[in-house]
Structure formats: C-alpha cells, structure tokens
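Novice: Supplied in structure tokens, the structure appears directly below.
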Amino acid sequence: MLIAARKGSPLVVGIGKGEFIIASDATPIVEYTNEVIYLNDQEIAIIDNGQLTIKNVANLPLTPYIQRVEMELAAIEKGGFEHFMLKEIFEQPRSIMDSMRGRLDSASKQVDTRRLREYINN
C-alpha cells in the first residue's frame with residue numbers, strides 16, 4: 001500500500017499500464033504515461049493491490065479527473081542528466097541561492113527574515 005497526500009506542494013498521480021507513478025509534476029513521468037491526475041490540497045491518493053482510490057481528508061471518496069498530458073518527451077529538458085531526480089539534485093545549490101537572493105546583507109552580515117516572520121504569523 002502506498003498513500004500520498006497533498007498539502008501545499010503539487011502532487012500528480014500518473015496512470016500507466018498496470019502501474020501508478022507519484023510525482024510533483026507531470027514532466028518527469030511523461031515518458032511512462034500521458035494520463036495524470038492532479039491532486040488538490042487536502043486530497044489523498046491510496047494505491048493498494050493495484051487499485052487507485054482518491055479521497056479527501058474527511059475520508060470521502062472522490063471521482064478523479066484524469067487528464068491527458070500533451071507534452072512531447074523530446075521537448076522536456078533533462079539538462080544532460082539521465083534522470084530528472086539527478087537534475088534536481090544538481091540544481092539545489094542554484095535553488096538555494098535563488099531563494100536567498102535579496103535576503104542576505106553581506107555588509108552587515110545579516111539575514112533579512114522579515115517576510116518569513118510575516119508568513120509564520122499568518
């Protein structure tokens with residue numbers, strides 16, 4: 001049994017031939033299937049004995065909307081990496097730098113967390 005739940009971050013369930021694939025986006029799974037279900041917040045995917053069930057947090061079953069992804073595999077850039085996961089791992093330093101841009105003051109050696117505090121207090 002595999003249980004996947006969405007809260008905040010994207011979550012996609014790919015529907016393959018005799019398999020299901022869980023990812024944060026459809027692009028890494030398009031080489032395996034072009035049928036996906038985009039979960040909404042507070043939705044849960046349960047894969048058990050080869051069957052997929054979608055429920056909400058109140059445990060009410062939902063009828064999933066299966067979308068066909070119209071992406072060409074050749075159009076998806078893996079950046080020279082064999083797998084998307086490797087690409088994402090090697091992109092982490094740049095992602096961290098991008099997320100810290102405008103928040104570090106090298107002159108005063110301070111980190112501006114004002115926006116973070118505003119987010120936490122809401």
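The values are calculated or read from the model by the stated rules, or taken from the named source; none is laboratory data. Since we're looking at a predicted model, the values are computed, not measured. A quick note on method: Cβ atoms are made from the backbone with ideal geometry, for glycine too, and the neighbour counts reach across all protein chains shown. Surface areas here come from the heavy atoms of the whole protein model, side chains and all, with no ligands, DNA or RNA. Shrake-Rupley method; radii C 1.70, N 1.55, O 1.52, S 1.80 Å.
Novice: Does anyone have the angle between helix 84-100 and the longest principal axis of the chain? Alpha-carbon axes, 0 to 90°, nearest 10?
Specialist: Roughly 30 degrees, rounded to the nearest 10.
Novice: What are the ³J(HN,Hα) couplings of the stretch 50-67, residue after residue, when phi is run through the Karplus curve with 6.51, -1.76, 1.60 and θ = phi - 60°? Round to Hz, x for glycine and proline.
Specialist: Coupling constants for the stretch 50-67: x, 10, 10, 10, 10, 9, 9, 5, 8, 6, 8, x, 10, 8, x, 9, 8, 10 Hz.
Novice: A further question follows. Long-range amide H contacts for Val69: which residues qualify at under 5 Å (H placed 1.01 Å from N, peptide plane, sequence gap of 5 or more or a different chain)?
Specialist: Residues meeting the criterion, in which the H sits 1.01 Å from N, are Glu35, Val36.
Novice: In whole Å, what three semi-axes, largest first, describe the equivalent ellipsoid of the chain built from its Cα gyration tensor (square root of 5 times each eigenvalue)?
Specialist: Whole-Å semi-axes of the equivalent ellipsoid: 34, 22, 11.
Novice: Can you give the charge dipole size of the chain about its Cα centre, rounded to the nearest 20 debye, using +1 on the beta carbon of Lys and Arg and -1 on the beta carbon of Asp and Glu?
Specialist: Details: 14 positive and 17 negative charges, 118 e Å.
Using only the charged Cβ atoms, the result is roughly 560 debye.
Novice: Probe of 1.4 angstrom, ligands and nucleic acids ignored: what's the accessible area per residue over the chain, in square angstrom?
Specialist: The answer is 77 Å² per residue.
Novice: Let me have the 222 nm mean residue ellipticity of the chain computed from DSSP H runs of 4+ only, each contributing -39500 (n - 2.57), with the sum over all residues rounded to the nearest 500.
Specialist: Calculated mean residue ellipticity at 222 nm is -6000 deg cm²/dmol.
Novice: In nm, to one decimal, how far is the Glu82 label point from the Arg68 one, both placed 7 Å along Cα→Cβ?
Specialist: About 3.3 nm separates the two model spin labels.
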